[in-house]
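Peer 1: Below: one structure in structure tokens.
Rule-based calculations on the coordinates, nothing more; no lab input. These numbers were taken from a predicted model, which means no experiment stands behind them. Here the Cβ is made from the backbone with ideal geometry for all residues, glycine too, and neighbour counts use every protein chain on show.
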Amino acid sequence: MKDCGPHMTGRHGPDVFDFTPPEGVDALSFEVFRALMDTQRLNRQLLMKTMTGHGGHPGQAGVLWALGAREGISQRELADMVHAAPPTVTTMLQKMERSGLIERWADEEDQRITRRAARRPGRASAQRCGGPQVQYVTATHGPMAEPDRRELSRLIGILANNISATLHGLED
């Protein structure tokens, strides 16, 4: 049996774990997977620190930005748009509604569908979160050379398509 325990590595930082590839996964594919996982973890940490330092919450900011882009969106469409599980979105929306950030109403044509929109305080909150978002993107992506950003965008797009196709295959 291969060793699957964590091993410290200085490659991406002192707190990043390095694991032996599981049986059936080539070393390079696993290296890409690890780099992506490291990036997601660090991204989440930095985003949380950036947003909470400005009175926002990354999840709520994402919902408010989505509602700003598509006012009257259904809860299911919103969950898909922010890439979150419907129960997670339900809980978040309930909290945001109680705090006066958003409003809801039944769809006029289909009463089973609940529509959502940001209220004035929600739009103001989304605007406040815009500054930290600009700082975050500028600090993390801006330093990369333009050709590197284009290539990274292209490669991440391919990976996202692969993940999406796999998810759809599991749902069928």
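Peer 1: Taking the Cβ of PRO87 as the centre, find all other residues whose Cβ is under 15 Å away and add up their charges (Lys, Arg: +1; Asp, Glu: -1). Present the calculation step by step, with values, prior to reporting the outcome.
Peer 2: Details: positive: ARG76, LYS95; negative: ASP80.
Its environment carries a net charge of +1.
Peer 1: Enumerate the calculated ³J(HN,Hα) couplings along the range 89-97 in order (Karplus 6.51 cos²θ - 1.76 cosθ + 1.60, θ = phi - 60°), each rounded to whole Hz, writing x wherever the residue is Gly or Pro.
Peer 2: 5, 4, 4, 5, 5, 4, 5, 5, 5
Peer 1: Given charges of +1 on the Cβ of Lys and Arg and -1 on the Cβ of Asp and Glu, with all other atoms neutral, how large is the dipole of the range 26-132 about its Cα centre, in debye to the nearest 20? Let's see the in-between values first.
Peer 2: Values: 16 positive and 12 negative charges, 118 e Å.
Rounded to the nearest 20 debye, it is 560 debye.
Peer 1: Still on this structure, I have one more. Taking neighbour counts of Cβ atoms within 10 Å as a proxy for exposure, in what order, fewest first, do VAL63, VAL137, VAL32 appear? Write out the running numbers ahead of the final one.
Peer 2: On the way: VAL63 27, VAL137 10, VAL32 13.
If I rank by nearby Cβ atoms, fewest first, I get VAL137, VAL32, VAL63.
Peer 1: Label the range 98-172 by shape, choosing from rounded, prolate and oblate, from the square roots a ≥ b ≥ c of the eigenvalues of the Cα gyration tensor; if a/c is under 1.5 it is rounded, and otherwise prolate applies when a/b is larger than b/c, oblate when it is not.
Peer 2: Details: a/c = 4.16, a/b = 1.29, b/c = 3.23.
Note, shape of the range 98-172 comes out oblate.
Peer 1: Kindly write out, for the range 118-125 in residue order, the coupling ³J(HN,Hα) from the Karplus curve 6.51 cos²θ - 1.76 cosθ + 1.60 (θ = phi - 60°), rounded to whole Hz, with x marking Gly and Pro.
Peer 2: 7, 8, 3, x, x, 5, 5, 5
Peer 1: Moving on. If each residue's Cβ is checked for other Cβ atoms within 10 Å, how do SER125, SER164, SER74 rank with the fewest at the top? Don't skip to the end; give the middle numbers.
Peer 2: On the way: SER125 23, SER164 10, SER74 16.
Neighbour counts put them in this order, fewest first: SER164, SER74, SER125.
Peer 1: Specify the inter-centroid distance of the range 23-40 and the range 115-172, based on alpha-carbon positions, in whole Å.
Peer 2: After rounding, the separation between the Cα centres reads 21 Å.
Peer 1: Collect residues whose amide H, placed 1.01 Å from N in the peptide plane, falls under 5 Å from the amide H of ILE102; neighbours closer than 5 in sequence don't count.
Peer 2: Counting only residues 5 or more places away or on other chains, the set is GLU97, ARG119.
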